[in-house]
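Okay, so here's the structure we're looking at.
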Amino acid sequence: MFFALANEKWTLQLVVQRTSLELGKLAKLPAEYVPVEYSPFSKTARLERKPFQRTLARIQSFQPELIFFAPINPSFLEETLCEAFPEISKGGFKVLSDFWPNEGLKNPHELVKRYSFAIPVGFDEPDCLSLNRAAEFFLGRSVSLKPFRFHKKAPPTVIDSSSPIALCPGSRLGDYFRGWGEGSWIRELALLEKETNQSFLFLGTKSESASNREIFRRLPGQKRHANLTGRHKNLSALCATLSTCQAYVGKDCGMLHLAGALGLPVLGVYGGGHWGRFLPNADRFVVLTSAVPCRGCNWRCHLPEPVCVRGLPEGSLLQGWKALGSLKQGERKIMEFEPSGKMASLIRPAGDYPVRCHEERRAALRVQRELILSQPFSRWLGRFFR
(Lines give C-alpha, C1' and ligand atoms only; values in the text may rest on other atoms or scores of the structure.)
Protein backbone atom coordinates (compact mmCIF):
# COMPACT_ATOMS: atom_id res chain seq x y z
CA MET A 1 0.00 0.00 0.00
CA PHE A 2 2.78 2.43 0.91
CA PHE A 3 4.62 1.76 -2.35
CA ALA A 4 1.38 2.42 -4.26
CA LEU A 5 1.09 5.82 -2.56
CA ALA A 6 4.79 6.62 -3.05
CA ASN A 7 4.50 5.80 -6.77
CA GLU A 8 1.73 8.41 -6.97
CA LYS A 9 4.17 11.03 -5.57
CA TRP A 10 2.75 11.02 -2.04
CA THR A 11 5.28 12.19 0.54
CA LEU A 12 5.16 9.70 3.41
CA GLN A 13 6.15 9.87 7.04
CA LEU A 14 5.95 6.48 8.76
CA VAL A 15 5.53 6.46 12.56
CA VAL A 16 6.53 2.95 13.52
CA GLN A 17 8.18 0.76 16.13
CA ARG A 18 11.91 0.25 15.61
CA THR A 19 11.62 -3.23 14.10
CA SER A 20 9.16 -1.97 11.50
CA LEU A 21 11.43 1.00 10.85
CA GLU A 22 14.27 -1.35 9.98
CA LEU A 23 11.93 -3.42 7.82
CA GLY A 24 10.81 -0.36 5.83
CA LYS A 25 14.38 0.69 5.16
CA LEU A 26 15.29 -2.87 4.17
CA ALA A 27 12.42 -2.78 1.68
CA LYS A 28 13.77 0.56 0.38
CA LEU A 29 10.43 2.30 0.82
CA PRO A 30 10.91 6.05 0.24
CA ALA A 31 9.65 7.74 3.39
CA GLU A 32 10.69 9.68 6.46
CA TYR A 33 10.84 7.26 9.37
CA VAL A 34 9.88 8.23 12.91
CA PRO A 35 10.58 5.67 15.65
CA VAL A 36 8.02 5.64 18.46
CA GLU A 37 9.60 6.09 21.91
CA TYR A 38 7.50 3.34 23.46
CA SER A 39 5.54 0.43 22.13
CA PRO A 40 1.98 1.77 21.61
CA PHE A 41 0.76 -1.43 23.30
CA SER A 42 2.97 -1.21 26.39
CA LYS A 43 2.09 -0.08 29.87
CA THR A 44 5.06 2.29 29.95
CA ALA A 45 3.48 4.86 27.63
CA ARG A 46 0.34 5.03 29.74
CA LEU A 47 2.44 5.79 32.84
CA GLU A 48 3.86 8.95 31.22
CA ARG A 49 2.25 12.31 31.88
CA LYS A 50 3.14 13.50 28.38
CA PRO A 51 3.69 10.37 26.28
CA PHE A 52 5.21 10.25 22.79
CA GLN A 53 6.58 13.80 23.02
CA ARG A 54 9.47 13.27 20.57
CA THR A 55 7.12 11.49 18.19
CA LEU A 56 4.60 14.32 18.32
CA ALA A 57 7.33 16.89 17.68
CA ARG A 58 8.52 15.03 14.57
CA ILE A 59 4.97 14.78 13.24
CA GLN A 60 4.41 18.49 13.89
CA SER A 61 7.58 19.45 11.99
CA PHE A 62 6.50 17.26 9.05
CA GLN A 63 3.28 19.32 8.77
CA PRO A 64 1.09 16.49 7.46
CA GLU A 65 -2.06 17.14 5.50
CA LEU A 66 -3.49 13.80 6.59
CA ILE A 67 -2.83 11.20 9.30
CA PHE A 68 -3.79 7.59 8.62
CA PHE A 69 -3.91 4.96 11.37
CA ALA A 70 -2.90 1.78 9.55
CA PRO A 71 -3.47 -0.82 12.34
CA ILE A 72 -7.01 -2.18 12.57
CA ASN A 73 -6.68 -2.42 16.36
CA PRO A 74 -6.27 1.15 17.67
CA SER A 75 -3.79 1.74 20.50
CA PHE A 76 -2.94 4.44 23.02
CA LEU A 77 -0.82 6.11 20.32
CA GLU A 78 -3.85 6.73 18.08
CA GLU A 79 -5.73 8.17 21.04
CA THR A 80 -2.80 10.49 21.81
CA LEU A 81 -2.56 11.68 18.19
CA CYS A 82 -6.28 12.46 18.07
CA GLU A 83 -5.82 14.67 21.13
CA ALA A 84 -2.62 16.31 19.88
CA PHE A 85 -3.71 17.13 16.32
CA PRO A 86 -7.43 17.95 16.34
CA GLU A 87 -7.14 20.26 13.33
CA ILE A 88 -5.51 17.72 10.96
CA SER A 89 -7.65 15.38 8.89
CA LYS A 90 -7.20 11.87 10.23
CA GLY A 91 -8.77 8.47 9.91
CA GLY A 92 -8.36 4.73 9.83
CA PHE A 93 -10.34 1.52 9.70
CA LYS A 94 -13.76 0.95 11.24
CA VAL A 95 -14.64 -2.62 12.17
CA LEU A 96 -18.21 -3.52 11.20
CA SER A 97 -19.07 -5.51 14.30
CA ASP A 98 -19.85 -4.83 17.95
CA PHE A 99 -16.70 -6.66 19.02
CA TRP A 100 -13.73 -4.47 18.15
CA PRO A 101 -10.76 -5.22 20.40
CA ASN A 102 -8.07 -2.62 20.86
CA GLU A 103 -5.03 -1.84 23.01
CA GLY A 104 -5.99 1.64 24.18
CA LEU A 105 -8.03 3.25 26.94
CA LYS A 106 -11.11 4.13 24.89
CA ASN A 107 -13.69 1.96 23.20
CA PRO A 108 -12.65 2.07 19.51
CA HIS A 109 -16.26 2.70 18.46
CA GLU A 110 -16.06 5.96 20.42
CA LEU A 111 -12.59 6.82 19.12
CA VAL A 112 -13.62 6.44 15.47
CA LYS A 113 -16.20 9.21 15.94
CA ARG A 114 -13.26 11.63 16.07
CA TYR A 115 -11.96 10.49 12.67
CA SER A 116 -12.45 12.62 9.56
CA PHE A 117 -12.92 9.42 7.56
CA ALA A 118 -13.30 5.72 8.33
CA ILE A 119 -12.74 2.78 5.98
CA PRO A 120 -15.17 -0.08 6.82
CA VAL A 121 -13.67 -3.56 7.24
CA GLY A 122 -14.58 -6.89 8.80
CA PHE A 123 -12.60 -7.92 11.87
CA ASP A 124 -11.80 -11.31 10.31
CA GLU A 125 -10.94 -9.82 6.91
CA PRO A 126 -7.36 -10.44 5.73
CA ASP A 127 -5.23 -7.37 6.35
CA CYS A 128 -3.99 -7.40 2.75
CA LEU A 129 -7.58 -6.81 1.56
CA SER A 130 -8.13 -4.05 4.12
CA LEU A 131 -4.97 -2.25 3.01
CA ASN A 132 -5.98 -2.69 -0.62
CA ARG A 133 -9.26 -0.99 0.22
CA ALA A 134 -7.34 1.84 1.92
CA ALA A 135 -5.17 2.35 -1.18
CA GLU A 136 -8.29 2.57 -3.35
CA PHE A 137 -9.78 5.12 -0.94
CA PHE A 138 -6.69 7.35 -1.08
CA LEU A 139 -6.04 7.06 -4.80
CA GLY A 140 -9.70 7.25 -5.84
CA ARG A 141 -9.53 4.31 -8.23
CA SER A 142 -9.42 0.54 -8.38
CA VAL A 143 -6.08 -0.82 -7.21
CA SER A 144 -4.70 -4.37 -7.31
CA LEU A 145 -1.87 -4.62 -4.80
CA LYS A 146 0.67 -7.36 -5.38
CA PRO A 147 2.33 -8.98 -2.35
CA PHE A 148 5.68 -7.37 -1.61
CA ARG A 149 8.75 -9.51 -2.22
CA PHE A 150 12.31 -8.72 -1.20
CA HIS A 151 13.65 -10.77 -4.10
CA LYS A 152 12.45 -9.96 -7.59
CA LYS A 153 13.67 -13.30 -8.94
CA ALA A 154 11.17 -16.12 -9.37
CA PRO A 155 10.89 -18.32 -6.25
CA PRO A 156 11.92 -21.98 -6.54
CA THR A 157 9.26 -24.32 -7.94
CA VAL A 158 10.33 -27.29 -5.79
CA ILE A 159 11.52 -27.57 -2.19
CA ASP A 160 15.30 -28.07 -2.03
CA SER A 161 15.98 -30.78 0.54
CA SER A 162 19.69 -29.90 0.71
CA SER A 163 18.90 -26.69 2.60
CA PRO A 164 17.61 -26.52 6.20
CA ILE A 165 14.04 -25.78 7.20
CA ALA A 166 13.72 -22.49 9.09
CA LEU A 167 11.81 -22.97 12.36
CA CYS A 168 10.29 -20.57 14.87
CA PRO A 169 8.02 -22.64 17.14
CA GLY A 170 8.79 -21.35 20.65
CA SER A 171 6.62 -19.13 22.82
CA ARG A 172 7.86 -15.83 24.21
CA LEU A 173 7.37 -13.96 27.45
CA GLY A 174 4.41 -11.60 27.32
CA ASP A 175 2.32 -13.52 24.78
CA TYR A 176 -1.38 -13.65 25.57
CA PHE A 177 -1.39 -16.78 23.46
CA ARG A 178 0.95 -19.63 24.37
CA GLY A 179 0.58 -21.48 21.09
CA TRP A 180 0.83 -25.20 20.50
CA GLY A 181 3.05 -25.81 23.51
CA GLU A 182 6.63 -27.06 23.62
CA GLY A 183 5.56 -30.68 24.16
CA SER A 184 3.43 -30.66 21.00
CA TRP A 185 6.20 -29.09 18.93
CA ILE A 186 8.75 -31.63 20.17
CA ARG A 187 6.41 -34.50 19.29
CA GLU A 188 5.54 -33.14 15.84
CA LEU A 189 9.06 -32.08 14.85
CA ALA A 190 10.39 -35.49 15.95
CA LEU A 191 7.92 -37.10 13.54
CA LEU A 192 8.93 -34.69 10.77
CA GLU A 193 12.67 -35.27 11.19
CA LYS A 194 12.22 -39.07 11.33
CA GLU A 195 10.01 -39.23 8.24
CA THR A 196 11.91 -36.74 6.06
CA ASN A 197 15.50 -36.73 7.40
CA GLN A 198 15.43 -32.92 7.14
CA SER A 199 17.76 -30.59 9.03
CA PHE A 200 16.24 -27.74 11.06
CA LEU A 201 17.51 -24.22 11.68
CA PHE A 202 15.89 -22.59 14.72
CA LEU A 203 15.48 -18.80 14.42
CA GLY A 204 13.72 -16.14 16.46
CA THR A 205 14.16 -13.27 18.90
CA LYS A 206 15.95 -13.33 22.24
CA SER A 207 12.58 -13.55 24.02
CA GLU A 208 11.96 -16.86 22.22
CA SER A 209 15.42 -18.26 23.00
CA ALA A 210 14.52 -20.29 26.10
CA SER A 211 11.51 -21.97 24.48
CA ASN A 212 13.28 -22.68 21.18
CA ARG A 213 16.30 -24.03 23.07
CA GLU A 214 14.12 -26.45 25.03
CA ILE A 215 12.47 -27.77 21.85
CA PHE A 216 15.85 -28.04 20.08
CA ARG A 217 17.45 -29.83 23.06
CA ARG A 218 14.80 -32.54 23.20
CA LEU A 219 14.70 -33.52 19.52
CA PRO A 220 16.13 -37.00 18.82
CA GLY A 221 18.01 -35.74 15.74
CA GLN A 222 19.47 -32.70 17.48
CA LYS A 223 22.98 -33.30 16.09
CA ARG A 224 21.94 -32.47 12.53
CA HIS A 225 20.06 -29.31 13.53
CA ALA A 226 21.27 -25.81 14.51
CA ASN A 227 19.90 -23.15 16.83
CA LEU A 228 20.57 -19.49 15.98
CA THR A 229 17.68 -18.02 17.98
CA GLY A 230 18.46 -14.49 19.19
CA ARG A 231 21.86 -14.32 17.48
CA HIS A 232 21.01 -11.98 14.60
CA LYS A 233 21.76 -8.32 15.29
CA ASN A 234 19.31 -6.94 12.74
CA LEU A 235 16.67 -7.90 10.18
CA SER A 236 19.11 -7.68 7.30
CA ALA A 237 21.25 -10.43 8.85
CA LEU A 238 18.14 -12.48 9.62
CA CYS A 239 16.91 -12.17 6.02
CA ALA A 240 20.30 -13.32 4.76
CA THR A 241 20.03 -16.46 6.90
CA LEU A 242 16.39 -17.11 5.98
CA SER A 243 17.29 -16.88 2.29
CA THR A 244 19.52 -19.95 2.66
CA CYS A 245 16.59 -22.08 3.86
CA GLN A 246 14.24 -24.21 1.78
CA ALA A 247 11.01 -23.35 3.65
CA TYR A 248 9.59 -21.99 6.89
CA VAL A 249 7.76 -24.15 9.45
CA GLY A 250 6.45 -22.72 12.70
CA LYS A 251 3.95 -20.53 14.46
CA ASP A 252 2.14 -17.51 13.06
CA CYS A 253 4.57 -14.65 13.80
CA GLY A 254 6.70 -12.00 12.12
CA MET A 255 9.21 -14.63 11.04
CA LEU A 256 6.52 -16.43 9.04
CA HIS A 257 5.61 -13.31 7.09
CA LEU A 258 9.25 -12.37 6.57
CA ALA A 259 9.87 -15.84 5.11
CA GLY A 260 6.89 -15.39 2.79
CA ALA A 261 8.22 -12.02 1.60
CA LEU A 262 11.53 -13.75 0.82
CA GLY A 263 9.71 -16.23 -1.42
CA LEU A 264 9.94 -19.27 0.85
CA PRO A 265 7.14 -21.85 1.02
CA VAL A 266 5.43 -21.53 4.41
CA LEU A 267 3.83 -24.06 6.78
CA GLY A 268 2.16 -22.13 9.61
CA VAL A 269 0.40 -23.29 12.77
CA TYR A 270 -2.43 -20.84 13.51
CA GLY A 271 -4.68 -20.19 16.46
CA GLY A 272 -8.03 -18.44 16.25
CA GLY A 273 -7.41 -15.14 18.05
CA HIS A 274 -6.83 -13.14 14.85
CA TRP A 275 -8.26 -15.78 12.54
CA GLY A 276 -8.44 -14.66 8.93
CA ARG A 277 -6.49 -11.43 9.34
CA PHE A 278 -2.89 -12.60 9.17
CA LEU A 279 -2.94 -15.57 6.81
CA PRO A 280 0.40 -15.90 4.95
CA ASN A 281 0.96 -13.81 1.84
CA ALA A 282 3.47 -16.35 0.55
CA ASP A 283 3.61 -17.80 -2.96
CA ARG A 284 2.89 -21.24 -1.48
CA PHE A 285 1.55 -21.89 1.97
CA VAL A 286 -0.24 -24.43 4.14
CA VAL A 287 -2.02 -23.36 7.33
CA LEU A 288 -2.87 -25.79 10.14
CA THR A 289 -5.64 -24.86 12.57
CA SER A 290 -8.50 -26.31 14.59
CA ALA A 291 -12.07 -25.38 13.72
CA VAL A 292 -13.64 -23.82 16.82
CA PRO A 293 -16.73 -21.58 17.18
CA CYS A 294 -14.96 -18.89 19.23
CA ARG A 295 -12.49 -17.65 16.62
CA GLY A 296 -11.74 -13.95 16.65
CA CYS A 297 -11.34 -13.57 20.44
CA ASN A 298 -8.14 -11.50 20.04
CA TRP A 299 -6.40 -14.01 22.34
CA ARG A 300 -8.68 -13.34 25.33
CA CYS A 301 -9.37 -17.06 25.65
CA HIS A 302 -12.26 -18.21 27.85
CA LEU A 303 -11.08 -21.83 27.83
CA PRO A 304 -8.50 -23.49 30.11
CA GLU A 305 -6.42 -24.23 26.98
CA PRO A 306 -6.42 -22.64 23.50
CA VAL A 307 -8.24 -25.44 21.68
CA CYS A 308 -7.96 -23.51 18.39
CA VAL A 309 -4.35 -24.70 18.12
CA ARG A 310 -3.86 -27.37 20.77
CA GLY A 311 -6.70 -29.35 19.24
CA LEU A 312 -4.43 -30.24 16.31
CA PRO A 313 -4.00 -34.03 16.21
CA GLU A 314 -0.75 -35.96 16.33
CA GLY A 315 0.92 -36.08 12.92
CA SER A 316 -0.78 -32.95 11.60
CA LEU A 317 2.53 -31.14 11.05
CA LEU A 318 3.83 -33.99 8.92
CA GLN A 319 0.58 -33.97 6.96
CA GLY A 320 1.00 -30.26 6.40
CA TRP A 321 4.60 -30.68 5.23
CA LYS A 322 3.60 -33.31 2.68
CA ALA A 323 0.78 -31.06 1.45
CA LEU A 324 3.21 -28.14 1.11
CA GLY A 325 5.55 -30.23 -1.03
CA SER A 326 2.70 -31.11 -3.42
CA LEU A 327 1.59 -27.51 -4.00
CA LYS A 328 2.34 -25.73 -7.25
CA GLN A 329 3.44 -22.11 -7.51
CA GLY A 330 0.67 -19.80 -6.31
CA GLU A 331 -1.32 -22.56 -4.59
CA ARG A 332 -2.46 -22.22 -0.98
CA LYS A 333 -4.14 -24.62 1.40
CA ILE A 334 -5.86 -24.31 4.77
CA MET A 335 -6.09 -27.59 6.70
CA GLU A 336 -8.73 -27.44 9.43
CA PHE A 337 -8.94 -30.23 12.00
CA GLU A 338 -11.86 -30.99 14.26
CA PRO A 339 -10.69 -31.16 17.91
CA SER A 340 -11.23 -34.56 19.46
CA GLY A 341 -10.94 -36.26 22.84
CA LYS A 342 -10.01 -33.99 25.75
CA MET A 343 -9.82 -30.90 23.55
CA ALA A 344 -13.30 -31.41 22.13
CA SER A 345 -14.71 -31.66 25.65
CA LEU A 346 -13.25 -28.23 26.54
CA ILE A 347 -15.17 -26.34 23.86
CA ARG A 348 -18.06 -24.23 25.06
CA PRO A 349 -19.73 -21.04 23.78
CA ALA A 350 -17.67 -17.93 24.44
CA GLY A 351 -20.73 -15.77 25.06
CA ASP A 352 -19.77 -12.18 25.85
CA TYR A 353 -16.43 -13.12 27.44
CA PRO A 354 -14.07 -11.43 24.92
CA VAL A 355 -16.12 -8.20 24.94
CA ARG A 356 -16.33 -8.14 28.73
CA CYS A 357 -12.63 -8.94 29.07
CA HIS A 358 -11.65 -5.97 26.88
CA GLU A 359 -14.03 -3.58 28.63
CA GLU A 360 -12.72 -4.60 32.07
CA ARG A 361 -9.13 -4.21 30.92
CA ARG A 362 -9.76 -0.75 29.44
CA ALA A 363 -11.52 0.35 32.64
CA ALA A 364 -8.60 -0.83 34.78
CA LEU A 365 -6.11 0.99 32.56
CA ARG A 366 -8.13 4.21 32.70
CA VAL A 367 -8.17 4.10 36.50
CA GLN A 368 -4.43 3.50 36.55
CA ARG A 369 -3.67 6.44 34.25
CA GLU A 370 -5.98 8.80 36.17
CA LEU A 371 -4.11 7.88 39.33
CA ILE A 372 -0.78 8.62 37.64
CA LEU A 373 -1.98 12.01 36.43
CA SER A 374 -3.50 13.04 39.76
CA GLN A 375 -0.66 12.25 42.17
CA PRO A 376 2.87 13.68 42.28
CA PHE A 377 5.62 11.07 41.97
CA SER A 378 3.10 8.44 40.84
CA ARG A 379 4.77 8.11 37.45
CA TRP A 380 8.13 7.53 39.12
CA LEU A 381 6.67 4.98 41.55
CA GLY A 382 4.68 3.30 38.80
CA ARG A 383 7.85 2.27 37.02
CA PHE A 384 8.68 -0.03 39.92
CA PHE A 385 5.25 -1.70 40.13
CA ARG A 386 4.21 -2.19 36.49
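Some observations on this one:
- Going through (1) at pLDDT 95 or above; (2) part of a loop (DSSP other than H, G, I, E, B) one by one, His302 falls short only on (1).
The rows are residues; the columns are (1) open to solvent by 10 Å² or more (accessible area, probe 1.4 Å); (2) touching a Phe, Trp or Tyr at 6+ places or on another chain (Cβ under 8 Å); (3) assigned to a helix (DSSP H, G or I).
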residue: Glu48; (1), (2), (3): yes, yes, no
residue: Ala57; (1), (2), (3): yes, no, yes
residue: Ser61; (1), (2), (3): yes, no, yes
residue: Ile67; (1), (2), (3): yes, yes, no
residue: Thr80; (1), (2), (3): yes, yes, yes
residue: Glu83; (1), (2), (3): yes, no, yes
residue: Glu87; (1), (2), (3): yes, no, no
residue: Lys90; (1), (2), (3): no, yes, no
residue: Phe93; (1), (2), (3): no, yes, no
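- Candidates Pro40, Pro30 - the one that is crowded, with 18+ Cβ neighbours inside 10 Å and assigned to a loop (DSSP other than H, G, I, E, B): Pro40
- Pairs where the first residue, in the stretch 37-54, is in contact (Cβ under 8 Å) with a residue 40 or more places away in the chain and over 14 Å from Ala84 (Cβ atoms) and the second is part of a loop (DSSP other than H, G, I, E, B) and among the hydrophobic types (A, V, I, L, M, F, W, C), C-beta under 7 Å, 6+ apart: none
- First in the stretch 318-337 and over 21 Å from Gly272 (Cα atoms), second anywhere and open to solvent by 80 Å² or more (accessible area, probe 1.4 Å) and of a type in the set (Gly, Ala, Ser), Cβ under 9 Å, 6 or more apart: Gln329/Ala154
- Per the listing Leu12, Leu47, Leu56, the residue uniquely within 25 Å of Glu370 (Cα to Cα), at pLDDT 95 or above and not small (Gly, Ala, Ser) is Leu56.
- His358 meets all of the listed conditions (1) exposed (fewer than 15 other Cβ atoms within 10 Å of the Cβ); (2) in contact (Cβ under 8 Å) with a residue 60 or more places away in the chain; (3) within 22 Å of Pro293 (Cα to Cα) but one, namely (1).
- Residue, surrounded by the fewest Cβ atoms within 10 Å (Cβ to Cβ), within the stretch 129-150, restricted to residues that are touching a residue at least 40 places away in the same chain (Cβ under 8 Å) and farther than 14 Å from Ala70 by Cβ: Pro147
The values are calculated or read from the model by the stated rules, or taken from the named source; none is laboratory data. The model shown is predicted, which means the values in this text are computed figures rather than measured ones. Neighbour counts run over all protein chains shown; Cβ positions are idealised from the backbone, glycine included. For the accessible areas, the whole protein counts, side chains as well, though only heavy atoms, and no ligand, DNA or RNA atoms are used. Shrake-Rupley method; radii C 1.70, N 1.55, O 1.52, S 1.80 Å.
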